[in-house]
1. Over 25 Å apart: what share of the alpha carbon pairs of segment 156-279 falls there, rounded to a whole percent?
2. If each residue of separation counts as 0.36 nm, what is the full-extension length gain between residue 126 and residue 69 once their alpha-carbon separation is subtracted?
3. For every helix of n ≥ 4 consecutive DSSP H residues, a contribution of -39,500 (n - 2.57) applies; sum these over the chain, divide by its total residues, and give [θ] at 222 nm rounded to the nearest 500 deg cm²/dmol.
4. Starting from the coordinates of the alpha-carbon atoms of segment 66-184, obtain the Kirkwood hydrodynamic radius over all distinct pairs and give the value in Å to one decimal.
5. In degrees, nearest 10, range 0 to 90: what is the angle between the Cα axis of helix 8-30 and the longest Cα principal axis of the chain?
6. Counting pairwise Cα distances across segment 161-232, what percent come out greater than 14 angstrom?
7. Can you tell me what the convex hull of the Cα atoms of the chain projects to on average, as an area in nm²?
8. On the principal axes of its Cα set, how long, how wide and how thick is segment 3-56? Give whole Å, largest value first.
Ligand code: GUN
């Protein structure tokens, strides 16, 4: 039987409507309009699309948004100065530096320069540490979006075998932590994992974030599994595809996210949620 398709676009739309309502309420009650600043350095076309989408999503949710475009040869000092300015800007509650940065810039130093209370990506070590202990203000957007999809679909995590393929700081590691906090039994796989298929076939819930097009095939999953595809790969014919081979996996899985229209729309949605959280904190409101 073909798998149920998890409609990320629909779930993102419903969640954004709710966020917009809460943002309007905050503004009406306190005069604080949630605001997000996005810094983009250089002209990577994929990053430009992501940044444009973030700005549009903010505006649609009734939030203030500003995009700071900096040239590819921006120096570390210039970028730090820009962050310094946004730190002081009261209209800006969230600061996001679009990654990857040009090679001559040091990402770690840049991330550490963003004040934790404006770190809506949740990449700052203070925020990643909080995620580890399960006491957090901001959740990293993509893993939080995955959790929201599972919640919306009423997929039970407690006691389930959860397998995360990929161990990046942005997705794999925090994803494992969130599933663990939800009482899943979590395994993290990566490029050195021996017999990956043997591990992925154990999963009741499989989250794939390795950045390799159509990498997980139907023979690597358990019948009835929930398969969440975080991948976004551009094929030579410019088509977008995930890390999961949708054609074969959708015949075996119980539920599956498509690409596009699965996790992608949820990532920006959770960025809006984090911006609202930051604005509420700035307005001195209880969360
Ligand atoms: N580049 C790709 N994904 C992300 C993200 O979630 N945040 C930032 N800042 N850059 C990214």
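1. Result for the distance tail: 21 percent.
2. On the way: separation 57, 0.36 × 57 = 20.52 nm, distance 2.67 nm.
So the chain would gain 17.9 nm between residue 126 and residue 69.
3. On the way: 10 runs with 118 residues, N = 287.
Rounded to the nearest 500, the figure is -12500 deg cm²/dmol.
4. Over segment 66-184, the inverse of the mean reciprocal pair distance is 15.8 Å.
5. Helix 8-30 sits roughly 30 degrees off the main axis of the chain.
6. For segment 161-232, the fraction of Cα-Cα distances above 14 Å is 54 percent.
7. Mean shadow area of the hull around the Cα atoms is 14.9 nm².
8. Per principal axis, max minus min of the Cα coordinates gives 41, 39, 11 Å.
Any read-out appearing in this document is the output of simple, stated calculations on the displayed coordinates, not a laboratory observation. Source: prediction; values computed, not measured. Cβ: placed from backbone, ideal geometry, glycine included. Neighbour counts: every protein chain shown.
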